[in-house]
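Here is the structure we will look at.
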Amino acid sequence: MTPCDAPLEQLLLHAEVIEHITEHMYGCLPQEACGVLIGHSRAASRTLTVTQFIPVKNTAESPLHSFHLDPVHWTRLALTEKGLVGLFHSHPHTSPEPSREDMLQLPTFGGLLQVYVIAAPTVSAASGNHSLQLHTYKIIRGKTHMESTDPCKVNTLAQHNAESYALAPIPFDIQEG
């Protein structure tokens with residue numbers, strides 16, 4: 001079992017990561033912000049620790065309501081960055097729950113990552129400080145069995161395996177220092 005396949009039970013986010021995500025998210029408003037999360041997992045404790053956030057430009061055609069990671073930057077990070085564990089993006093106008101579009105995009109990067117983090121901006125009425133509402137999810141991989149309905153393909157297997165991905169909420173904690 002690889003670290004990516006180990007059952008994940010908790011996500012730890014360094015406080016500096018939360019601050020960096022918050023700054024980036026508010027700097028991108030009213031558009032969706034996105035980026036990648038760097039960290040490491042400990043199979044024994046079933047914990048993943050996020051130690052760094054790297055912002056990535058949102059190149060979506062409609063960045064007010066969707067996100068697409070800049071393909072050049074994303075490819076470079078996926079090929080060279082050690083410790084790539086997750087993806088972050090924001091929902092500036094809705095709650096930080098996975099949207100239909102989020103789920104449709106999940107197969108694009110789901111095989112490389114362990115967690116998916118979505119945030120929405122909130123402003124504290126008492127202090128006027130920018131803060132965020134954060135929802136964290138673990139990426140669950142599986143196989144989908146699909147039967148061929150093409151009668152012309154008699155020499156192929158009747159079923160083939162395809163990767164499928166789902167998101168499940170995972171608790172998180174903020175780690176100081």
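The values are calculated or read from the model by the stated rules, or taken from the named source; none is laboratory data. Because the structure is predicted, anything quoted here is derived from the model rather than measured. These accessible areas exclude ligands, DNA and RNA; they are computed on the full protein's heavy atoms, side chains included. Shrake-Rupley method; radii C 1.70, N 1.55, O 1.52, S 1.80 Å.
Given segment 40-146, what percent of its DSSP beta bridges are antiparallel, to the nearest 5?
70
Amide H to amide H under 5 Å from Leu12: which residues, 5+ apart in sequence or cross-chain, H placed 1.01 Å off N in plane?
For Leu12, whose amide H was placed from the backbone, the distant partners under 5 Å are Leu48, Thr49, Val50, Asp173.
Take the solvent-accessible surface of the protein heavy atoms, probe 1.4 Å, and return the percent of it on segment 40-105 that carbon and sulfur atoms account for.
54
Show the residues, 5+ positions off or on another chain, whose built amide H is closer than 5 Å to the amide H of Ala60.
Amide H neighbours of Ala60: His68.
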